[in-house]
1. Please label the shape of segment 197-333 as rounded, prolate or oblate, based on the square roots a ≥ b ≥ c of the eigenvalues of the alpha-carbon gyration tensor (a/c under 1.5 means rounded; beyond that, a/b larger than b/c means prolate, else oblate).
2. Taking segment 58-183, how many lysine pairs are there with alpha carbons less than 17 Å apart, if each pair must be eight or more places apart or span two chains?
3. Given a cut-off of 26 Å, what percent of all Cα-Cα pairs of segment 58-183 lie beyond it?
4. For the pair Ile207 and Leu309, how long in nm is the line joining their label points, each one 7 Å along Cα→Cβ?
5. Report, in whole Å, the centroid distance computed from the Cα atoms of segment 346-364 and segment 282-300.
6. Using 0.36 nm per residue of separation minus the Cα-Cα distance, give me the extension gain between Gln140 and Gln184 in nm, one decimal.
7. Grab the beta carbon distance between Leu320 and Arg226, set R0 = 35 Å, and tell me the FRET efficiency rounded to 0.05.
8. Enter the Cα centre distance for the pair segment 202-221 and segment 78-146, rounded to the nearest angstrom.
Amino acid sequence: MRVFQINKHKTFSAFIKFQRILIIGFVLVTIGLHKGKLINLDLFSEEDNQVKIASFEMEDVIRLFPLATSIKGEDSITVLRENKKVGWLLNSSPTLDSVVGFSSSVPLLIGFDSSNKVIGVHLLKNEESPEFVKAITQSQLLKSWNGIAVNNYNKTICLDGISGATETSSAIIKTVNGRIAHYQNVKPTRINKTSNWEIIQYIMGAIIIILGLIQFFHPQKLRKYRLYYQLSSVLILGFLMGSFISTASLFNWIVFGISLPSKLFMLILLILSIGLPLFTGKSFYCTHICPYGAIQDLMGKVTKRRIKLSFRVKSYLSSLREIIFSTIVFLLTLGVGIDLTNVEPFSAFLFKSASIPILVLSIFFIFLSLLMPRPWCNYCCPTGQFLEIIRKPVKMNSNENK
């Protein structure tokens, strides 16, 4: 009889989890419908099987050529001032649309003067975080190519080594290099090719995941090394790779898909973070991988002093995370535009691109973790709430267990 009750509970729990996933899937599809895309498929486009080119306006051209009055051409676009050529342009789209930043491709215009030297790079409309784009603009990255002659381009510079590069800035670098190389019929050896430094990062990231899996299945084996493991997670996944699951990344993957092979690492991490809790009922990402969770744990080890919260306060705080998550989902379902990189403190690891409010939010919760365990994770994190919905075991009514 006891075995029957256990099997009944497992079946019921699996059914409820499946039901939850269907509801989440429905909500996510609804969110995708508002953007007109789902995993990078145009839902309402009438131009099936046609390559889409990023559009631009005359005002985009004027950003590079202030005196321009008209343009003509498609591949190499001639820029005119009252029918006199003043320069020319290259549109990176659709040639380099396969290069993806944090969210999607980063279409841009590359301007050349009459002597075929680069005069500037202008970003077109894109889906990258406004904060990331603002930081890139302020960093003068887009002026790095100015003065370079297109005929000698492949011999001149390589910007792949820029320090502190985010996924967005790296995509811009590859897009500019690749578009000029394509125009010159030069083999773009650096485009979409993983550099040695990126390979090293992926290897270190893979080691973090493997160690996380060992702790997940055999919690006692690495317990005495957990402090060093968490420190590695913060440094490697957080500051070095900037690789973490967030509401922003989840939303972007729903709408634009996951670009492979460049984001294979994140795809594997996502599958493990959803699959393991779904089938085992135990948390994987939040407990063993998340760099922001790790840094809170590390700060909590500095002192043993803790704030004692009343039952009433704990009850309120325990429901706060659900409220935050539900509010975000509700707004996205309505089609309200939100910069999700400013919803959670994770982008603070990319501190050169993070907004001031996010840096303040991140530092606040890190110091708050001196007084209470994982305050962001336990009481605020919408990403954690999403994973918890999938993981949380179903409790049957006590009368059913009799």
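1. Oblate, because a/c is 1.5 or more while a/b does not exceed b/c.
2. The result is 9.
3. Within segment 58-183, distances greater than 26 Å cover 17 percent of Cα pairs.
4. Simple spin-label model gives 3.6 nm for this pair.
5. So the separation of the two Cα centres works out to 18 Å.
6. Length gained, Gln140 through Gln184: 13.3 nm.
7. Once the sixth-power term is evaluated, E becomes 0.80.
8. 41 Å
Read-outs: derived from the displayed coordinates by stated rules, not from any lab. Just so you know, these numbers come straight off a predicted model, no measurement behind them. No Cβ is skipped: glycine too gets one built from the backbone with ideal geometry, and neighbour counts run over all protein chains shown.
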